[in-house]
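Below is one structure, written out as structure tokens; the observations come after it.
The values are calculated or read from the model by the stated rules, or taken from the named source; none is laboratory data. Everything numeric here is computed off the predicted structure, so don't read it as measured data. Cβ placement follows ideal geometry from the backbone for every residue including glycine, while neighbour counts extend to all protein chains displayed.
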Amino acid sequence: MGKRATAEENAARAEENSRRKDTLPRKLLRFFWTDIYDDKDEQKLIFKVDTFIMSYCCVSYFMNYLDRTAFSNAYATGMKEELGLVGNQYTVINTCLTVGYIIAQIPHALLLQIIPPRYYFPANQVLWGICTMCTAACKTYPQVCAARFFLGIFESSTFSGSMYVLGSWLKENELGKRTGVFAASGVAGSMVSGYIQTAIYKRFNGTGSLASWKIMFLIDGAVVFPVAIYGLFFFPSTPKTSNNFYFTERELEIARTRLPPPKPKTKFDWTLIKRALIDWKLWVLSFLWVWGGALEAICNQSTFLLGMKAQGTYTVSQINEWPTGVQAVGILSILVAALWNDAWPKRKAEFIYILCACQLVSASILLKWDVALGGRLFAFFLAGTSYGGQTIYFSWANDICQGDDPLRAVVLFCMNMSSSILFCFWGILLYPSSDAPRFHNGFITSIVVSIVCALWAAMTYICAKYEKRKVERLTAAAELEEDSSDAPEFVSTEDISKDKEKAFVA
């Protein structure tokens, strides 16, 4: 009891000291990015995490989306006509990428438990860079399908893999803003892609050289290779496996002990399959991102861009540049979500309710369609707020699954896989390019999804609250058992009398 009392006193004293030092500049710094740590080595650790892990993850995800979005811009600037793409072939090509993305999710989750991320991520980057450049050489519809399929396989390691690595280094109140910046970097890649294609089109169109859409694929693929080299030398994997030169032994020790310790029976072995399948986290969190991903459909299915091209009244520059406003709103939404997540970590569900309300309004306006151009632009831009959910969903999952790293990896990748499975048929059935500019069925579905997602967020909150109370009860029971084992053994007077009698007889 004495040891525990001393520990409690030290914790209370540390909390009091922290409260005294909680000045306004420190509060502002904590709100917008990170706290100032009493332990200087921990401060250095977090600085290095931001410098090396965040930089690599953000640039990788930026490149990921740059390559992925290049197809939409290429389609709008000559690729469709040159390859003779007709009907719903645009949607089918995107589905091929999604199928590759799905197939690779679980293998990536398992391989990351065996191969250090500092080697695994750069290898996948090199391969997806090659696939992107190969798209420029495609001459037929089947060739494009194949190139996009393999691109999906290699790109699928980035998002969930980065979330897994960030969750291995950062606490709950540190994860939100960094997850937000990471997610925003991907949306920025989508945004920049339109401007790059416009610049290339203006510079090379009609010059007799390669078509502008081919040049874009070559550039997007080539810029990936320097990033892969940087990751190979500077990306630090996880605290358990990192041996990078810029970390001291003290910093690595802090990194390994600052997060909750592993729970019993959470090793990477065959029991992982049973653990995952019978755990509510896999199913509830996977479907949370299914509905969250479906909430982004108006943006992810390029409805704005395809609608402008179908109307035939807009220039190539307008088609490529106007939809970037959706991504701009998305970046702002992600950053607001990041601040919300860290400022009110127990109120994640409330932010999801706000996003669902925004999508309900957006889809309702687009469903009516016969409104002024300003009204439709407002609806498309409002749909960009759906991107803010990425920060909340995956920060929530990382927090809920702490203490079981293999399960956490499987859950994060299964979340991404489940959402991608939905998009295999979601785009073909509800957002076929032939329906542009009015995606009637898709907009109706978005209204329904907005309601379902809000209800599912409420259920996730209830399950997470139950899980937390369960862990607290088990922890309290374990501490009580430990205290009782440390207490002196009670000896009755009857036992003392018997001992004396035995001694007298002897």
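Taking region 287-330 as the range and being closer than 26 Å to residue 454 by Cβ and either in contact with a His (Cβ under 7 Å, 6 or more places away or on another chain) or of a type in the set (Gly, Ala, Ser) (or both) as the test, the residues that pass are 292, 293, 294, 297, 302, 325, 328, 330. Residue 6: out of contact with any strand residue (DSSP E or B) (no Cβ under 7 Å at 6 or more places or on another chain) and either under 30 Å from residue 336 (Cα atoms) or modelled with pLDDT of 70 or more (or both), yes or no? When the stated conditions are applied, residue 6 does not pass them. If only residues of region 337-378 that are β-branched (Val, Ile, Thr) and closer than 16 Å to residue 393 by Cβ are counted, the one that is surrounded by the fewest Cβ atoms within 10 Å (Cβ to Cβ) is 354. Exactly one residue out of 395, 433 is modelled with pLDDT of 80 or more, hydroxyl-bearing (Ser, Thr, Tyr) and buried (at least 20 other Cβ atoms within 10 Å of the Cβ), and it is 395.
For (1) among the aliphatic types (A, V, I, L, M); (2) touching a residue at least 12 places away in the same chain (Cβ under 8 Å); (3) within 24 Å of residue 55 (Cα to Cα); (4) surrounded by 20 or more Cβ atoms within 10 Å (Cβ to Cβ), each residue gets a yes or a no:
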site: 246; (1), (2), (3), (4): no, yes, yes, no
site: 250; (1), (2), (3), (4): no, yes, yes, no
site: 283; (1), (2), (3), (4): no, no, no, no
site: 298; (1), (2), (3), (4): yes, yes, no, yes
site: 315; (1), (2), (3), (4): no, no, no, no
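Among the numbered criteria (1) touching a helix residue (DSSP H, G or I) at 6+ places or on another chain (Cβ under 6 Å); (2) under 22 Å from residue 50 (Cα atoms); (3) in a helix (DSSP H, G or I), which one does residue 230 miss? Among (1) touching a helix residue (DSSP H, G or I) at 6+ places or on another chain (Cβ under 6 Å); (2) under 22 Å from residue 50 (Cα atoms); (3) in a helix (DSSP H, G or I), residue 230 violates only (1). Do we have residue 325 as assigned to a helix (DSSP H, G or I), within 26 Å of the chain's Cα centre (by Cα) and surrounded by fewer than 17 Cβ atoms within 10 Å (Cβ to Cβ) here? Considered against the rule, which asks whether it is assigned to a helix (DSSP H, G or I), within 26 Å of the chain's Cα centre (by Cα) and surrounded by fewer than 17 Cβ atoms within 10 Å (Cβ to Cβ), residue 325 comes out as yes. Take residue 198 and decide whether it is farther than 30 Å from residue 407 by Cβ and among the β-branched types (Val, Ile, Thr). Judged against the criteria, residue 198 is a match. Restricting region 257-275 to residues that are within 20 Å of residue 39 (Cβ to Cβ) and either surrounded by 14 or more Cβ atoms within 10 Å (Cβ to Cβ) or touching a strand residue (DSSP E or B) at 6+ places or on another chain (Cβ under 8 Å) (or both) leaves a set whose member that is modelled with the highest pLDDT is 258. Consider region 434-444. How many of its residues are assigned to a helix (DSSP H, G or I), within 30 Å of the chain's Cα centre (by Cα) and not polar (S, T, N, Q)? Total meeting the criteria: 4. When the residues of region 380-392 are narrowed to those that are surrounded by 23 or more Cβ atoms within 10 Å (Cβ to Cβ) and among the aliphatic types (A, V, I, L, M), which ends up nearest to residue 342 (Cα to Cα)? By that ranking, first place goes to 392. Taking region 166-221 as the search range and keeping residues that are among the β-branched types (Val, Ile, Thr) and surrounded by fewer than 24 Cβ atoms within 10 Å (Cβ to Cβ), which one is nearest to residue 315 (Cα to Cα)? Across region 166-221, the extreme among qualifying residues is 198. Where helices (runs of 4 or more DSSP H) fall wholly inside region 32-111, the ranges with 3 or more residues that are of a type in the set (Val, Ile, Thr) are 89-103. Here is a check on your reading of the model: is residue 152 small (Gly, Ala, Ser), free of Cβ contacts under 8 Å to residues at least 60 places away in the same chain and either in a helix (DSSP H, G or I) or at positive phi (or both)? Yes: the conditions hold for residue 152. Of all residues in region 442-498, those being modelled with pLDDT of 85 or more and acidic (Asp, Glu) number 0. Only one of the listed residues (451, 447, 462) is touching a Ser or Thr at 6+ places or on another chain (Cβ under 8 Å), in a helix (DSSP H, G or I) and among the hydrophobic types (A, V, I, L, M, F, W, C). That residue is 447. All of (1) touching a Lys or Arg at 6+ places or on another chain (Cβ under 8 Å); (2) on the phi > 0 side of the Ramachandran plot hold for residue 366 with one exception: (2).
Scanning region 49-88 for residues that are touching a Leu at 6+ places or on another chain (Cβ under 9 Å) and not hydrophobic (A, V, I, L, M, F, W, C) returns 67, 68, 72, 73, 75. Looking across region 278-304, the residues that are at pLDDT below 85 and within 30 Å of residue 430 (Cβ to Cβ) come down to 300, 301, 302. The set of residues from region 79-103 being crowded, with 17+ Cβ neighbours inside 10 Å, under 24 Å from residue 215 (Cβ atoms) and not β-branched (Val, Ile, Thr) comprises 79, 80, 83, 85, 89, 90, 94, 96, 97.
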